[in-house]
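Student: Input: one structure, supplied below.
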Amino acid sequence: MIFPTRPGSNVVPCTLLHLLYLCERMREDERAQYVALSGAREFVPEVAAVGFYNTPGLKFTVLGPDLFPAAAGGAEEIGPGVWQTWMVGSPDGWAKTWRSLTKAASWMIGGLLEQDGVRRVQATCLCARSAASRWFERSLGMQPEGIWRKYGRNGEDVAIFARVVEG
């Protein structure tokens, strides 16, 4: 299985400490998405960090210029050949390392789609997160597939995006 790191890169293996650091500083729109999609009644950084850490599959952290975690992400196989992505970051981390975050996420998605048996990599976000939707499409080459109406915990609409193996 692939692991999205390269020597000399600011992409490193993800740790629970990275995730705790990031969940304590998570952007408000990501907190709202976590609550809507996890079913949690409220956002608790420690619970979210452990949940992300215990997610099976790939995980990585992108370090900022100060060597603190800027964002962490990964993907888990949710069905045969189908992978769901996730990412968590701080406002400062996204602002300072968005290029590195995009490269790491794109590299992970591309690497997954090159694996035997993988046919689909997907991502979801609250429809209210228009910047995230644009990022999935423009930066990661994912195609919008539709809206899951009233899908979130409190009835939020959720958009789904995917890259698939053609042919």
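The values are calculated or read from the model by the stated rules, or taken from the named source; none is laboratory data. From a predicted model like this one, the values you see are computed outputs, not experimental measurements. Note that we place each Cβ from the backbone using ideal geometry, even for glycine, and neighbour counts take in every protein chain shown.
Student: State whether one or more residues within region 80-87 are of a type in the set (Ser, Thr, Tyr), more than 29 Å from GLU114 (Cα to Cα) and either part of a loop (DSSP other than H, G, I, E, B) or free of Cβ contacts under 8 Å to residues at least 40 places away in the same chain (or both).
Tutor: Within region 80-87, none of the residues are of a type in the set (Ser, Thr, Tyr), more than 29 Å from GLU114 (Cα to Cα) and either part of a loop (DSSP other than H, G, I, E, B) or free of Cβ contacts under 8 Å to residues at least 40 places away in the same chain (or both).
Student: Does GLY64 satisfy being under 16 Å from PRO13 (Cα atoms), buried (at least 17 other Cβ atoms within 10 Å of the Cβ), in contact with a Gly (Cβ under 9 Å, 6 or more places away or on another chain) and in contact (Cβ under 8 Å) with a residue 60 or more places away in the chain?
Tutor: No: the conditions fail for GLY64.
Student: For region 12-33, which residues satisfy the criterion of being free of Cβ contacts under 8 Å to residues at least 40 places away in the same chain and not basic (Lys, Arg)?
Tutor: LEU16, LEU17, LEU20, GLU24, GLU28, listed by residue number.
Student: Only residues that are in contact (Cβ under 8 Å) with a residue 12 or more places away in the chain and farther than 18 Å from GLU28 by Cβ: list them for region 125-138, please.
Tutor: Passing the criteria: PHE136, GLU137.
Student: In this structure, is PRO45 exposed (fewer than 14 other Cβ atoms within 10 Å of the Cβ), more than 13 Å from the chain's Cα centre (by Cα) and not small (Gly, Ala, Ser)?
Tutor: For PRO45, the condition - exposed (fewer than 14 other Cβ atoms within 10 Å of the Cβ), more than 13 Å from the chain's Cα centre (by Cα) and not small (Gly, Ala, Ser) - is not met.
Student: Looking at ASP92, ASP116 in this structure, which one is surrounded by fewer than 18 Cβ atoms within 10 Å (Cβ to Cβ), closer than 27 Å to PRO65 by Cα and among the acidic types (Asp, Glu)?
Tutor: Result: ASP92 is the single residue among ASP92, ASP116 that is surrounded by fewer than 18 Cβ atoms within 10 Å (Cβ to Cβ), closer than 27 Å to PRO65 by Cα and among the acidic types (Asp, Glu).
Student: Quick one: how many residues across region 44-72 are in a strand (DSSP E or B) and closer than 16 Å to LEU17 by Cβ?
Tutor: Here the count works out to 9.
Student: Which one of these is farther than 26 Å from GLY141 by Cβ and at pLDDT 95 or above: LEU17, LEU37, LEU63?
Tutor: Sole residue among the options that is farther than 26 Å from GLY141 by Cβ and at pLDDT 95 or above: LEU17.
Student: Only strands (runs of 3 or more DSSP E) wholly contained in region 96-167 count here; list those with 1 or more residues that are closer than 19 Å to ALA72 by Cα.
Tutor: Passing ranges, in order: 120-126.
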